Amino acid sequence: MPEHTAEETLGSPTHEVREFLRRRREQIAQRWADEPLFRSVFTVSRDEAVEAGKAVVDALAEVADTGRVDDPDAAGFSGVREQLARMGVARGRAGLTAAQVSSELATLRQPVENLLLSDIGEAPAEHVRACATTLTVLMGTLRVVVMQTALSEGEALIDRQRLQLMEVATPVIKLWDGIVAVPLIGTLDSARSQVVMETLLESIVEQQARFAILDITGVPTVDTLVAQHLMKTVAAARLMGAECIVSGIRPAIAQTIVHLGLDLGTVITRAGLADALKYALHQLGADIVGPTANGAGQR
């Protein structure tokens, strides 16, 4: 009969770890359910934490099956990335730093390693060390996956919040029947310009506006990029059947526009919002009644 080496008899370390994870799935999940990371995230019931733990164990076993224990992009992690991201983000929202979340992830290794050693403790020492090393690498990769996904989810959340803030900071105000205004405050970059254009066009349709006033009194500087954004917004509004009026052209901004050689010749401009409103009302055929000395109006 052919002789077999110990490794052939026992299986490769990745095979051994895979079989161990599948065999001890329930016990690992039960122990993880008591760890801070699972206990603090899954608060509805302990069973919820156990089920989450089982899903992670299954993912680790699948990764071990492919032998890519050191690859955060291994396909086995795809099924639990969303769950892992929620866990990492939840701990971040609870006030933990990235280092503290990483430490909580590190505590998951010891219960698994203890179970592994109790299972294969009688095997040759070299094989035990190889399996323990494989498990350590696999658990380290899990930490990387959680931190990566949590970071990506956090960035996505920040992007969504930034977009929401831009929408809140760019209101479209109905000044009169057929007249809407957008008071712009702060820097007008490409992302915000897109939000301005979209919200303005929606308001033009909703309000059936004939005039849209872009008030740039609160815009600190006007450069070529800002002027291009304004021109695109004006053109888009015209396509929707509304005429744009740009107000808030301060002396400093007027000089900057001249120095830059920017052509705003096709754009109606006014010094202030009141002047722009007066112009729009006049175009709509509304009479402006001014006060007299005794407070009564005159036509």
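The values are calculated or read from the model by the stated rules, or taken from the named source; none is laboratory data. Since this is a predicted model, take the numbers as computed values, not measurements. Cβ: placed from backbone, ideal geometry, glycine included. Neighbour counts: every protein chain shown.
Among the residues of region 71-109, write down those that are outside any helix (DSSP H, G or I) and of a type outside the set (S, T, N, Q).
Restricting attention to region 71-109, the residues satisfying the condition of being outside any helix (DSSP H, G or I) are 71-74, 94-97, 107-108.
Within region 71-109, 71, 72, 73, 74, 94, 95, 96, 108 qualify.
Considering 227, 209, 237, the condition of being within 19 Å of residue 280 (Cβ to Cβ), among the small types (Gly, Ala, Ser) and in a helix (DSSP H, G or I) is satisfied by 237 alone.
Taking the residues in region 62-80 that are surrounded by fewer than 17 Cβ atoms within 10 Å (Cβ to Cβ) and not aliphatic (A, V, I, L, M) as candidates, determine which candidate is nearest to residue 139 (Cα to Cα). It would help to see each step written out before you state the result.
In the first step, residues of region 62-80 are kept if they are surrounded by fewer than 17 Cβ atoms within 10 Å (Cβ to Cβ); the result is 66-67, 70-71, 73, 75, 78-79.
Checking which are not aliphatic (A, V, I, L, M) leaves us with 66-67, 70-71, 73, 78-79.
Values: 66: 15, 67: 14, 70: 9, 71: 11, 73: 14, 78: 16, 79: 16 Å.
Among those that are surrounded by fewer than 17 Cβ atoms within 10 Å (Cβ to Cβ) and not aliphatic (A, V, I, L, M), it is 70.
Let me confirm something: among 106, 90, 59, which residue is crowded, with 17+ Cβ neighbours inside 10 Å and either modelled with pLDDT of 95 or more or over 24 Å from the mean Cα position of the chain (by Cα) (or both)? Let's see the steps before the verdict.
On the way: 106 fails: crowded, with 17+ Cβ neighbours inside 10 Å; 90 fails: either modelled with pLDDT of 95 or more or over 24 Å from the mean Cα position of the chain (by Cα) (or both).
Testing whether each residue is crowded, with 17+ Cβ neighbours inside 10 Å and either modelled with pLDDT of 95 or more or over 24 Å from the mean Cα position of the chain (by Cα) (or both) leaves just 59.
Restricting attention to region 116-137, the residues being touching a Lys or Arg at 6+ places or on another chain (Cβ under 9 Å) and either basic (Lys, Arg) or buried (at least 18 other Cβ atoms within 10 Å of the Cβ) (or both) number 2. Reported count of residues in region 171-186, each being assigned to a loop (DSSP other than H, G, I, E, B) and either at pLDDT 90 or above or on the phi < 0 side of the Ramachandran plot (or both), is 4. Taking residue 127 and the conditions (1) assigned to a helix (DSSP H, G or I); (2) closer than 19 Å to residue 148 by Cα, which numbered condition does it fall short on, given that it satisfies the others? Here residue 127 clears every test but (2). Exactly one residue among 143, 129, 160 is among the basic types (Lys, Arg) and modelled with pLDDT under 85, and that residue is 160.
Filtered by the rule that a residue be among the polar types (S, T, N, Q) and closer than 20 Å to residue 110 by Cβ, region 22-53 gives 27, 30, 40.
Condition check ((1) more than 17 Å from residue 279 (Cβ to Cβ); (2) in the same structural domain as residue 261 (by TED's automatic domain parsing); (3) surrounded by fewer than 19 Cβ atoms within 10 Å (Cβ to Cβ)) across all residues:
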residue: 192; (1), (2), (3): yes, yes, no
residue: 196; (1), (2), (3): yes, yes, no
residue: 202; (1), (2), (3): yes, yes, yes
residue: 212; (1), (2), (3): no, yes, no
residue: 218; (1), (2), (3): yes, yes, yes
residue: 222; (1), (2), (3): yes, yes, no
residue: 231; (1), (2), (3): yes, yes, yes
residue: 243; (1), (2), (3): no, yes, yes
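You will find that of 238, 250, the residue that is charged (D, E, K, R) and at pLDDT below 90 is 250 and no other.
Looking across region 267-290, the residues that are farther than 13 Å from residue 179 by Cβ, out of contact with any helix residue (DSSP H, G or I) (no Cβ under 8 Å at 6 or more places or on another chain) and part of a loop (DSSP other than H, G, I, E, B) come down to 271, 272, 287, 289.
Restricting to region 102-127, give me the number of residues that are out of contact with any Pro (no Cβ under 6 Å at 6 or more places or on another chain), more than 11 Å from residue 139 (Cα to Cα) and charged (D, E, K, R).
Kept after step one, since they are out of contact with any Pro (no Cβ under 6 Å at 6 or more places or on another chain), are these residues of region 102-127: 102-103, 105-127.
Still in the running and more than 11 Å from residue 139 (Cα to Cα): 102-103, 111, 114-127.
Applying the additional criterion that residues be charged (D, E, K, R) yields 119, 122, 126.
Looking only at that region, the number is 3.
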